[in-house]
Structures are given as structure tokens and as C-alpha cells.
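Visitor: Got a structure for you, questions after.
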Amino acid sequence: MQDSLKTTRLTVFLIVLLDIMGLGLIIPAQPFLAKSFGADAITITQLGTIYSFMQFVLGPVWGSLSDRFGRRPVLLTTLLITMSGHIVFALAGSLMILFVARGMVGIGAANISTAQAVLSDTHPPAERSRAMALVGAAFGLGFVLGPALGGILFHIDQRAPAGLAAMLALANMVLVSRCVGETRPVSLTSSPSAHRVGLRSLLKADGSLRPLIMTTLFMMTAFALMEQSIGLFIESAWVPDGAEVGMKEATKLTSIFLVVVGITAIFVQGFLVRRWLTSTPETALLRGGLVIIAITLALIPCLGWYGSYALFLVSGALLALGSGMFNPSMAGLVSLSCPPDKQGIGLAINQSAFALGRIIGPLVAGALFAWSRNIPFITGSALTLVALALASRVRAAR
């Protein structure tokens, strides 16, 4: 039994790792590739909106389908769509095609909740949050390897990161087809109400899930404001030259920042959080993570004014610590709040809240940054405090 659980955890870890590496490869180059097609700051930040919008719409659909038909076919289908989107991105000849490509990848990347459902299917309630932390560790490692490789490949060829991302998606399909068996218990029959997906499912979630989902929404909106503004903030604070050389330097510094975030996330979720969850309630880690994020976002404008890039990297590590405490605790609480036949849809609705935050954040990040480079981070800190107030209503589910 323990060997089977270890195999399942390792397989899900690799699935998420390869998926996030593909995403991480694109992130450092995406703003500057969009600039080469004439995109301004607002348009650049909105390039992330289409990706998140498709995750928001399709996440509950994939979760619902995985509850009805199984996790394995959903994973294979979404990975095929992801690979196709990366190929289109690599071949894009206009800004519009970049948007189309990111939308396709967003549809495929809505499968994270299905991977989480595999862990829920195969782990007892007391072990779920610790298992979810492995997903976070895979995110961290993916964001270390992805941006690092993406920054290197971007200097060689602007299309190379997307090409490698497509190859990783293909490798992921092979991994799933060979190593992932069906985990959804065949004895479970989901009710029709479990398959009513979309915005209404998010807004009319079960009472025990509502405060969790709203906490996720506010936190992710705050985090998305930071993510969509951070490259432009780095360019403004540390790369005054706006020419091509300046763009490459900004890409390098953004990649370094994301690598620091990723390394910290690996350590926090792969080691610290898994240990803390053996003796600390998920609710305590959830709230502690929000406090750290709120304080760090408020400090980022001060670090830009002070001019120390080294201290700025420390803020990235603190953000990774806060989100590393928040994410697995939230996923575990959502899973524990859902019955066995609604694991896929419950986790998917929470992922839709993540995606909705990533829609709202990019929609306003560009305008806020154009007003002042500091405003996105101050606003994000305030939204995180709202999430903290909502989290005070969450009670331990075990």
C-alpha cells in the first residue's frame, strides 16, 4: 500500500513538474516577445488574462468530466491541447496568434485540479494536505527549471522556449499513458448537480466551501497583480535602458527572481510544510501564509526605491514562503470539505477561483502600473488582508 502511494505521488509530481516547466519556459520571454509585436504595458499584462480565463471556464468542466469518466482520459486530452498551444505560440507571427496560443495552453493547464483529484483518490483524509504539498513542490521546481531554461533559450532564439515547452507536453503525455492508471473509484456515481459548471458553480458553492473559495479569489487576485507587474517593475527599477539590450537584461533579472521564488517553493512545500502539517492545522498555515504575503507585497515598493536587487530577491523568497504555506493548506481543506464523488469538481471550482484571480489581476495590473509602478503591490497587499479576514471564518475540516 505504501509503495503504491509513493508511486502515485511521484507520478503526479512529475506530471505537474513537466506541465509547469512548460509554462515557466514562456514567462520570462512573453512580455518582451509581445513588445516585439507592438504591445504596450496594458496589452502585455492582458496576455495572461486569456490564459487564466480559459482555465476559469474549463477547470470545472475538466473536474466534472474527471468525476464522471475518470482522471486518466482527462489528463491525456488536456496535455494534447497544451502541446498544440505551445506549438502555435512558437509559430506565432502576430500578437493575435500569441493570444490564441495562450488561450489553448490555458485550456490544457486547467488540469491541475484533476492531478490533485488523483491524490485525493489515493490518500486518506489525514494525508491529503501533505500530499498536496508535493504539487506545490513540483510548481516550485518547474518555475526554477522553466524560467532558467527560458531565459537562456530566449537569447538563442525567441521561439525556442515555446518549442521546448511543446516537447515537454509530449513527454508528459507519454508519462501519463504509461504510468497512470485510473484512480477514481468505479463504485462512485456523481449526481447530475455535480456537473453544473462555470461561474454559477463558483458563486453558489456549498456553504462549507464558500469562505475557502472567496479566500482563494482575493489572494490570487493580489498575487496576479504582482506576477503581471513584476517584470515591468524590475525593468523600471533596475534596467533604465529600453532598447533591445535593456529588454534582454530585464528578461535575465526576471528569470533570476522567478528562480529564487521557485527554489524557495521547493524547500517550503517539499520539506517544511509537509513537516509542519503533521502537527499544525491547515487553517493556521493558511493564515500565516497570508500575513507573510501581505507584508512582503507592501515592502516591494520600498525595495525598488532603495535600489537593492539582492534585497528584492529576498522578497521573492518570502512570497514563495507565504504562498507555499497557503496553497497546499487550501487544497487540503477543499478536499476535506468535499464528498468522495465530488473531489474533481470541488478542487476544480477552487482552481477556478485561482484562475478568476488571474483574470482580474492582469486586467487591472497594466493600468495600475501605468499610474504608478508601486500601486499594483500596494493594492495586492490590501487584497491579501481581505483574504486574511475571510480566512478567519475557515475552520479546520478534520
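No lab work stands behind these numbers, since they all come straight from the coordinates. Everything numeric in this text was worked out from a predicted model, so none of it was measured. Cβ: placed from backbone, ideal geometry, glycine included. Neighbour counts: every protein chain shown.
Visitor: Placing +1 at every Lys and Arg Cβ and -1 at every Asp and Glu Cβ, with all other atoms neutral, what dipole size does the chain have around its Cα centre, in debye to the nearest 20? Please list the in-between numbers first.
Guide: Numbers: 27 positive and 16 negative charges, 195 e Å.
It comes to approximately 940 debye.
Visitor: Another question about this same structure. Determine the principal axes of the Cα atoms in the stretch 245-390, then give the extent along each, sorted from largest to smallest and rounded to whole angstroms.
Guide: 53, 32, 29
Visitor: Moving on to the next point. What is the calculated FRET efficiency for residue 271 to residue 314, with r their C-beta to C-beta distance and R₀ = 25 Å, to the nearest 0.05? Walk me through the numbers before you get to the answer.
Guide: On the way: r = 19 Å, r/R0 = 0.77.
Efficiency at R0 = 25 Å is approximately 0.85.
Visitor: In which sequence would 86, 155, 123 go, from the one with the fewest C-beta neighbours within 10 Å to the one with the most?
Guide: Values: 86 28, 155 13, 123 19.
Exposure proxy ranking, most exposed first: 155, 123, 86.
Visitor: Hand me the tally of lysine pairs in the chain: alpha carbons under 24 angstrom apart, and the pair either on different chains or 8 or more positions apart.
Guide: Values: 6/342; 35/248; 35/252; 204/342.
Lysine pairs meeting the criterion: 4.
Visitor: Sticking with this structure for a sec: For percent of Cα pairs over 41 Å apart, which listed value, [x] 24; [y] 8; [z] 15, comes from the coordinates shown?
Guide: Working out percent of Cα pairs over 41 Å apart from the coordinates points to [y].
Visitor: Tell me, 292, 112 in order of fewest to most beta-carbon neighbours within 10 Å? Mind showing how you got there, number by number?
Guide: Numbers: 292 20, 112 26.
Going from least to most buried by this count: 292, 112.
Visitor: Relative contact order for the stretch 1-136 using alpha-carbon pairs under 8 Å, separation at least 6, rounded to a whole percent? Please list the in-between numbers first.
Guide: On the way: 131 pairs, mean separation 44.8, N = 136.
Relative contact order comes out at 33 percent.
Visitor: Using DSSP to define loop residues, name the trypsin sites (Lys or Arg not before Pro) in the stretch 87-190 whose beta-carbon has at most 16 other beta-carbon atoms within 10 Å.
Guide: Passing sites in the stretch 87-190 are 159.
Visitor: Given axes a ≥ b ≥ c from the Cα gyration tensor, I'd like to know whether the stretch 44-104 is rounded (a/c under 1.5), prolate (a/b larger than b/c) or oblate.
Guide: oblate
Visitor: Here is a further query. Test of understanding: what is the full-extension gain from residue 236 to residue 91, defined as 0.36 nm times their sequence separation minus their Cα-Cα distance? Please list the in-between numbers first.
Guide: Details: separation 145, 0.36 × 145 = 52.20 nm, distance 2.98 nm.
Length gained, residue 236 through residue 91: 49.2 nm.
Visitor: Would you order 253, 385 from fewest to most other beta-carbon atoms within 10 Å of each residue's own beta-carbon?
Guide: Values: 253 22, 385 19.
Ranked by crowding around the Cβ, least crowded first: 385, 253.
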